[in-house]
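Visitor: Okay, here's the structure, questions in a sec.
The values are calculated or read from the model by the stated rules, or taken from the named source; none is laboratory data. Being a predicted model, the structure only gives us computed values, none of them experimental. Glycine also receives a Cβ, built like all others from the backbone with ideal geometry; neighbour counts cover every protein chain displayed. Ligands, DNA and RNA are stripped out before the accessible areas are found, and what is left, the full protein with its side chains, is counted by its heavy atoms. Shrake-Rupley method; radii C 1.70, N 1.55, O 1.52, S 1.80 Å.
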Amino acid sequence: MRKIMMLLLAVPWCQVNAQPIELNARVSLKQPGNMAVTYPLRDKGNLFSADADLPLVISKQMTKDGDDEKLTVTVTANQRVYFNLNLSIPTHFATDDCEFYLPGFWYHKNLRSPQSAPSFHTSKSWNFREDRLSSPLSGVYDSKSGKTLSVLRHLDGCCDALTTHQEGEVILSGKTSLGYLGFDNSSGLAAVTFGYPYMETPQRYIRKLTLVNPIVAFAKLEKGEQISLSWIIRQSKADDYGQFIAQTWTHCFDRLNPQPVQPLYTADEMKAQLSDYFRKSYVDKYDLKYNSGISIRCDDCLPVDHVQLGFCGRVLLNAFNALEYGEQRGDAALVKIGQEIFDSWLKYGFTAKGYFKEDMHIAGGIPADNDIVHSIRQQSEAVYAVLHYLNYEKKQGRKHLEWEKKMRTLLNNMVELLKDDGHFPRKFRDDHSDVDASGGSTPSATSTLVMGYKYFGDKRYLAAAKRTVQYLEQNIISKSDYFSSTLDANCEDKEAAISAVTATYYLAMVTKKQERSHYIDLCVQAAYFALSWYYLWDVPFAEGQMLGDLGLKTRGWSNVSVENNHIDVFVFELAHIVNWLAGQTGEQRFRKIHDVIYSSLNQLLPTPQRLCGIGVPGFNPEVVQHTQWDYGRNGKGFYNDIFAPGWTIASLWELYSPHRTADFLTK
């Protein structure tokens with residue numbers, strides 16, 4: 001377990017040879033109707049001064065705070081003033097040697113993302129609103145020296161204000177706690193940037209693959225009014241970028257100290273309400289039966305003909321959940337729904353090669369084999385669901401030999417599809433020709449292969465699973481490069497890290513001794529990356545923004561990817577795995593973050609008395625827009641008008657079924 005201990009060991013501050021903090025500052029002042037004027041500031045110890053006579057006083061205090069330093073800046077107005085304060089800490093790190101980190105939004109240089117999303121493709125200097133980030137921190141890692149520098153916003157409270165414009169110079173309509181964080185590389189040396197109130201430069205990211213003009217916000221202070229702003233500055237050292245992420249997540253967790261949310265519902269109450277989705281979304285008028293779970297409207301939740309077997313719809317997993325829950329509750333209607341879905345997919349849902357037909361607009365008919373592109377993720381998710389179904393049915397004394405034959409064929413196909421280096425193509429056709437040869441989705445298949453080994457006792461499946469993790473270790477975990485797992489984006493994303501956690505956990509559960517310890521080591525490394533996407537603080541909302549008016553606490557929710565900058569309830573097995581890792585490693589932060597996630601993700605459950613902006617009870621929302629980003633509709637504090645509740649129900653159901661996987665793998 002040596003690697004685990006190395007990950008958990010933060011390098012003591014006194015061993016880092018910390019450099020004196022150099023602080024650069026400027027302030028921009030705006031008169032309504034005029035363009036702002038920017039004044040460079042000189043650091044005079046406890047005061048900042050400018051060449052001009054300014055209508056405000058800016059003082060600062062730098063104090064030791066454990067191994068860190070705390071910077072507090074106080075702005076006092078001598079008359080009414082509208083201001084934006086800009087700060088930066090320069091380093092001696094060459095840009096080309098640096099990797100950057102803004103939790104839940106920026107990893108490495110975001111080069112997996114296209115030019116139309118924030119990345120080094122577009123600019124080497126960026127500033128972002130704090131509410132885009134799962135922790136309000138900006139950090140830089142110098143790969144040459146191993147030195148790191150990070151700045152974490154210290155917040156005593158939170159509030160936000162609406163703005164009349166979304167670009168240019170904007171005067172805030174009221175009080176906000178939101179500042180900004182980023183980095184500047186214009187000189188060829190990295191600097192960490194931060195300030196208040198927020199700005200977003202050189203462009204703003206407003207919706208998927210859409211960058212627009214920058215924004216600079218100005219806060220108002222009346223004569224005699226003052227505001228104090230604080231940041232925690234840390235200098236440290238790490239062996240690599242992955243260790244930097246692990247140490248920084250630990251630092252953020254300890255500083256932000258997220259506490260569990262008072263849960264609104266018990267697990268049983270959640271399932272009882274979510275089961276309404278199984279009834280209301282069921283479509284039985286086509287050969288393939290399904291719960292409509294993608295591309296439906298938030299306001300009426302009426303079923304549509306778009307069927308996605310895996311991620312967005314999770315058709316077979318929801319069918320199993322309906323069947324199992326129906327039998328537990330004596331609800332024959334739910335049992336019938338679940339069984340009819342399984343029966344229809346057994347009869348009509350496979351290609352001649354033996355793969356699932358996974359994505360279609362079924363009103364136009366079930367697609368022909370040669371029109372289908374498969375994704376390794378959706379195929380794996382479908383097998384996962386069927387094996388849980390078969391395992392459950394076997395325990396009830398019921399056998400499904402035809403289903404078992406289909407699963408053997410598909411698992412054998414997967415072994416054949418596996419590349420020599422241990423990766424699966426992200427997308428492929430029935431004849432095994434590659435459509436997208438990228439290996440980023442490989443770990444989504446690992447757990448399925450392990451389950452196939454446990455159910456059928458075929459060691460070929462276990463051997464294939466181990467080969468995938470060899471690829472995973474060499475190409476993803478060791479490089480801290482988690483990407484390409486989500487279906488609609490090919491970039492840095494949370495789901496890739498969660499897949500890596502899940503893959504290594506499954507192998508740890510079915511191996512022993514040193515081999516098991518090695519998989520646990522890998523699982524821990526991936527877990528820090530996965531958890532870095534989860535919010536450790538509560539972002540502020542303005543009055544009138546529905547999510548804030550509902551009292552949403554964002555801690556425990558997670559950002560999606562660099563391309564999709566919203567939060568959601570995607571967790572599935574992750575919370576259970578990190579809770580298990582706490583017992584294996586002694587890392588109690590894992591247990592604590594489990595408690596935060598578990599208690600928080602029920603907050604937007606639509607019920608008859610509290611619909612949370614959704615038309616039908618039980619249809620849990622998906623695109624939760626917590627910052628100035630949207631899919632095209634409504635913006636911060638609301639949802640897009642179209643959503644995909646199929647996977648949200650499946651994810652929450654897994655969260656509230658904590659023993660399902662462990663029971664499958666160990667009994």
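Visitor: Hey, among the residues in the range 616-648 that are closer than 17 Å to residue 292 by Cα and of a type in the set (D, E, K, R), which one's surrounded by the most Cβ atoms within 10 Å (Cβ to Cβ)?
Guide: Among those residues, the one meeting the criterion is 622.
Visitor: Kindly establish whether residue 84 is touching a Ser or Thr at 6+ places or on another chain (Cβ under 6 Å), within 26 Å of residue 26 (Cβ to Cβ) and buried (at least 20 other Cβ atoms within 10 Å of the Cβ).
Guide: Values: touching a Ser or Thr at 6+ places or on another chain (Cβ under 6 Å): yes; within 26 Å of residue 26 (Cβ to Cβ): yes; buried (at least 20 other Cβ atoms within 10 Å of the Cβ): yes.
Yes.
Visitor: Separate question: May I ask you to list the residues in the range 292-309 that are within 23 Å of the chain's Cα centre (by Cα) and either part of a strand (DSSP E or B) or free of Cβ contacts under 8 Å to residues at least 60 places away in the same chain (or both)? Quick ask: steps written out before the conclusion?
Guide: In the first step, residues of the range 292-309 are kept if they are within 23 Å of the chain's Cα centre (by Cα); the result is 293-296, 298, 308-309.
Correct list: 296, 308.
Visitor: A further question follows. Please verify whether the range 332-347 includes one or more residues that are open to solvent by less than 10 Å² (accessible area, probe 1.4 Å) and charged (D, E, K, R).
Guide: No, the range 332-347 contains no residue that is open to solvent by less than 10 Å² (accessible area, probe 1.4 Å) and charged (D, E, K, R).
Visitor: In the range 348-364, what residues are closer than 21 Å to residue 442 by Cβ and either over 33 Å from the mean Cα position of the chain (by Cα) or open to solvent by less than 50 Å² (accessible area, probe 1.4 Å) (or both)? Steps first, answer last, please.
Guide: Restricting attention to the range 348-364, the residues satisfying the condition of being closer than 21 Å to residue 442 by Cβ are 353-356, 358-359.
Once the filter is applied, which keeps residues that are closer than 21 Å to residue 442 by Cβ and either over 33 Å from the mean Cα position of the chain (by Cα) or open to solvent by less than 50 Å² (accessible area, probe 1.4 Å) (or both), the range 348-364 yields 353, 354, 355, 356, 358.
Visitor: In addition: Anything in the range 415-451 that is in contact (Cβ under 8 Å) with a residue 40 or more places away in the chain, in a helix (DSSP H, G or I) and over 20 Å from residue 311 (Cβ atoms)? List them, or say none.
Guide: Residue satisfying the conditions is 415 alone.
Visitor: What strands (runs of 3 or more DSSP E) lie completely within the range 210-286 and have 1 or more residues being of a type in the set (Lys, Arg) and in contact with a strand residue (DSSP E or B) (Cβ under 7 Å, 6 or more places away or on another chain)?
Guide: Values: elements: 210-212, 215-221, 226-237.
Hits in the range 210-286: 215-221, 226-237.
Visitor: If I ask for residues that are under 15 Å from residue 530 (Cα atoms) and among the polar types (S, T, N, Q), which ones from the range 563-584 would you list?
Guide: Residue satisfying the conditions is 579 alone.
Visitor: Here is a follow-up. Identify all residues within the range 365-390 that are surrounded by fewer than 18 Cβ atoms within 10 Å (Cβ to Cβ), touching a residue at least 24 places away in the same chain (Cβ under 8 Å) and over 15 Å from residue 310 (Cα atoms); write none if there are none.
Guide: Looking only at the range 365-390, we keep the residues that are surrounded by fewer than 18 Cβ atoms within 10 Å (Cβ to Cβ), and these are 365-371, 373.
Within this subset, residues satisfying the condition of being touching a residue at least 24 places away in the same chain (Cβ under 8 Å) are 366, 369-370, 373.
Result: 366, 369, 370.
Visitor: Quick check on my filter: what residues within the range 73-130 are over 25 Å from residue 34 (Cα atoms), assigned to a strand (DSSP E or B) and not aromatic (Phe, Trp, Tyr)? Break it down into steps so the answer makes sense when it comes.
Guide: Step one: of the range 73-130, the residues over 25 Å from residue 34 (Cα atoms) are 73-74, 88-126, 130.
Then drop every residue that is not assigned to a strand (DSSP E or B), which leaves 73-74, 88-94, 98-102, 106-108, 126.
Hits for the range 73-130 are 73, 74, 88, 89, 90, 91, 92, 94, 98, 99, 102, 108.
Visitor: Those residues that are within 16 Å of residue 181 (Cβ to Cβ) and either open to solvent by 20 Å² or more (accessible area, probe 1.4 Å) or touching a Pro at 6+ places or on another chain (Cβ under 6 Å) (or both), I need them from the range 111-123; list them, please. Quick ask: steps written out before the conclusion?
Guide: Within the range 111-123, the subset within 16 Å of residue 181 (Cβ to Cβ) is 118, 123.
Residue satisfying the conditions is 123 alone.
Visitor: From the list 421, 436, which residue is open to solvent by 10 Å² or more (accessible area, probe 1.4 Å), farther than 21 Å from residue 315 by Cα and either in contact with a Lys or Arg (Cβ under 6 Å, 6 or more places away or on another chain) or small (Gly, Ala, Ser) (or both)? Before you say what the answer is, go through the steps one by one.
Guide: Details: 421 fails: either in contact with a Lys or Arg (Cβ under 6 Å, 6 or more places away or on another chain) or small (Gly, Ala, Ser) (or both).
Of 421, 436, the one residue that is open to solvent by 10 Å² or more (accessible area, probe 1.4 Å), farther than 21 Å from residue 315 by Cα and either in contact with a Lys or Arg (Cβ under 6 Å, 6 or more places away or on another chain) or small (Gly, Ala, Ser) (or both) is 436.
Visitor: Could you figure out which of (1) farther than 19 Å from residue 199 by Cβ; (2) surrounded by fewer than 17 Cβ atoms within 10 Å (Cβ to Cβ); (3) out of contact with any Asp or Glu (no Cβ under 9 Å at 6 or more places or on another chain); (4) hydroxyl-bearing (Ser, Thr, Tyr) isn't true of residue 134?
Guide: (2)
Visitor: Is it the case that some residue within the range 49-57 is of a type in the set (Val, Ile, Thr) and either within 21 Å of residue 192 (Cβ to Cβ) or buried (at least 19 other Cβ atoms within 10 Å of the Cβ) (or both)?
Guide: At the first step, the residues of the range 49-57 found to be of a type in the set (Val, Ile, Thr) are 57.
From the residues that got through so far, the ones that are either within 21 Å of residue 192 (Cβ to Cβ) or buried (at least 19 other Cβ atoms within 10 Å of the Cβ) (or both) too are none.
No; the residues of the range 49-57 include none that is of a type in the set (Val, Ile, Thr) and either within 21 Å of residue 192 (Cβ to Cβ) or buried (at least 19 other Cβ atoms within 10 Å of the Cβ) (or both).
Visitor: So which residues in the range 239-287 are closer than 25 Å to residue 360 by Cα and either free of Cβ contacts under 8 Å to residues at least 24 places away in the same chain or of a type in the set (Val, Ile, Thr) (or both)?
Guide: 283, 285
Visitor: Okay, next question. Residue check: is residue 176 farther than 18 Å from residue 636 by Cβ, of a type outside the set (A, V, I, L, M, F, W, C) and touching a Pro at 6+ places or on another chain (Cβ under 6 Å)?
Guide: Values: farther than 18 Å from residue 636 by Cβ: no; of a type outside the set (A, V, I, L, M, F, W, C): yes; touching a Pro at 6+ places or on another chain (Cβ under 6 Å): yes.
Spelling it out, it is not the case that residue 176 is farther than 18 Å from residue 636 by Cβ, of a type outside the set (A, V, I, L, M, F, W, C) and touching a Pro at 6+ places or on another chain (Cβ under 6 Å).
Visitor: What pairs come out if I take residues in the range 208-236 that are small (Gly, Ala, Ser) and pair them with residues that are assigned to a strand (DSSP E or B) and open to solvent by 60 Å² or more (accessible area, probe 1.4 Å) whose C-beta lies under 8 Å away, six or more apart or interchain?
Guide: Final answer for the pair search is 230/154.
Visitor: Still on this model: Consider the range 310-351. How many of its residues are in contact with a Phe, Trp or Tyr (Cβ under 8 Å, 6 or more places away or on another chain) and outside any helix (DSSP H, G or I)?
Guide: Residues in the range 310-351 being in contact with a Phe, Trp or Tyr (Cβ under 8 Å, 6 or more places away or on another chain) and outside any helix (DSSP H, G or I): 7 in total.
Visitor: Between 557, 580, which is buried (at least 24 other Cβ atoms within 10 Å of the Cβ) and not acidic (Asp, Glu)?
Guide: 557
Visitor: Additional query: Identify all residues within the range 181-209 that are farther than 11 Å from residue 126 by Cα, in contact with a helix residue (DSSP H, G or I) (Cβ under 6 Å, 6 or more places away or on another chain) and in a loop (DSSP other than H, G, I, E, B); write none if there are none.
Guide: If the condition is that a residue be farther than 11 Å from residue 126 by Cα, in contact with a helix residue (DSSP H, G or I) (Cβ under 6 Å, 6 or more places away or on another chain) and in a loop (DSSP other than H, G, I, E, B), then 188 is the only one that fits.
Visitor: Another question, if that's okay. Within the set of pairs 6 or more residues apart or between chains, which connect a residue that is closer than 16 Å to residue 277 by Cα and free of Cβ contacts under 8 Å to residues at least 12 places away in the same chain inside the range 606-631 to a residue that is in a loop (DSSP other than H, G, I, E, B) and open to solvent by 20 Å² or more (accessible area, probe 1.4 Å) with Cβ atoms less than 6 Å apart?
Guide: 608/617
Visitor: Can you pull out every residue in the range 265-297 that is among the β-branched types (Val, Ile, Thr) and surrounded by fewer than 20 Cβ atoms within 10 Å (Cβ to Cβ)?
Guide: Start the filter on the range 265-297 by keeping residues that are among the β-branched types (Val, Ile, Thr), which leaves 266, 283, 294, 296.
Within the range 265-297, 266, 283 meet the criteria.
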